[in-house]
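The values are calculated or read from the model by the stated rules, or taken from the named source; none is laboratory data. Every value quoted in this text rests on a predicted model; they were computed, and no experiment measured them. Neighbour counts run over all protein chains shown; Cβ positions are idealised from the backbone, glycine included. When the accessible area is computed, the model is the full protein with side chains, heavy atoms only, and any ligands, DNA or RNA have been set aside. Shrake-Rupley method; radii C 1.70, N 1.55, O 1.52, S 1.80 Å.
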Amino acid sequence: MWRSALLVYAITLCACSSLNGNVKYPMPSERYIDVQGSIDGSLTYKLKVQYVATNRSDACTNYNILAGLRVSQTMEFDYYPQINDGKHNLHVPLKELDPATECRWEPTVIMLCVGDTGTEPSTCSSVFSLRGAHANQSPVNMVCAASNFCFRTPRTLYTEAIDVFNTQYAVNITREPQ
């Protein structure tokens with residue numbers, strides 16, 4: 001009996017977490033940013049773009065049992081840079097999902113995920129917010145601790161709020177002095 005109830009619960013969770021309106025956009029680079037700058041030779045990274053369903057209908061949200069409310073569905077895409085001689089560059093498309101679908105998918109945040117050279121980057125820190133007024137203080141300087149969690153420098157600065165696209169942003173990534 002207990003196992004049957006657990007199975008029904010698992011199936012219900014899977015059914016409630018389907019992604020609606022998840023249609024790839026035919027020209028993802030119609031809206032983009034290019035990221036370039038310097039990087040410490042002991043580090044590698046990827047940028048992770050998180051898309052959120054902006055339609056709050058039941059079809060585009062999931063019920064979060066712990067919070068007791070419906071939350072927007074999300075989807076993430078990873079992008080890996082070219083790194084040569086302490087320099088990196090990366091083209092980041094910002095229209096992977098078609099915004100003209102029922103869920104009206106929009107990118108909301110870009111995270112910098114860092115790892116040691118030769119490993120899969122896994123420790124992520126928010127670097128760009130794609131909502132709000134433009135507040136670019138280029139270049140964006142990120143300092144990564146031994147744990148590979150990165151912070152803006154000076155630490156009084158937080159995530160960059162950008163709303164200017166189809167342009168280049170400078171991001172410098174260094175390792176925190178030991």
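Sorted by accessible area with a 1.4 angstrom probe, largest first, how do R56, R152 fall? Before the final figure, lay out the partial values.
Values: R56 140, R152 15 Å².
Listed by decreasing accessible area, they come as R56, R152.
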Open item on the list: Taking amide H atoms as placed 1.01 Å from N in the peptide plane, list the residues 5 or more away in sequence, or in a different chain, whose amide H sits under 5 Å from that of R31.
Closed with: L94, K95
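At a 1.4 Å probe, what is the % contribution of carbon and sulfur to the accessible area of the range 90-167?
Details: 1930 of 3500 Å².
Within the range 90-167, the accessible surface is 55 percent carbon and sulfur.
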TODO: Pick out, from T159, T119, S147, the residue whose Cα sits farthest towards the positive end of the charge dipole of the range 113-178, with +1 on the Cβ of Lys and Arg and -1 on the Cβ of Asp and Glu.
DONE: T159
- [ ] Could you grab the relative contact order for the range 78-176? Cα pairs under 8 Å, six or more apart, rounded to a whole percent.
- [x] 22
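Ranked from the most accessible area to the least, with a 1.4 Å probe and all protein chains present, what is the order of T54, T61? Can you show the working numbers first?
Details: T54 50, T61 0 Å².
Correct descending sequence by accessible area is T54, T61.
Going highest first, how would you order 108-120, 24-36 by mean Cβ packing within 10 Å? List each step's numbers first, then the result.
Numbers: 108-120: 16.7, 24-36: 14.8.
Descending mean neighbour count gives 108-120, 24-36.
What order do D163, D98, D58 take when sorted by accessible area (1.4 Å probe), most exposed first?
Details: D163 75, D98 30, D58 110 Å².
Ranking D163, D98, D58 by accessible area, largest first, yields D58, D163, D98.
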Task: Average accessible area per residue (Å²) across the range 86-178 - probe 1.4 Å, nucleic acids and ligands excluded - done: 47
TODO: State the Cα centre-to-centre distance between the range 137-178 and the range 38-85 in whole Å.
DONE: 18
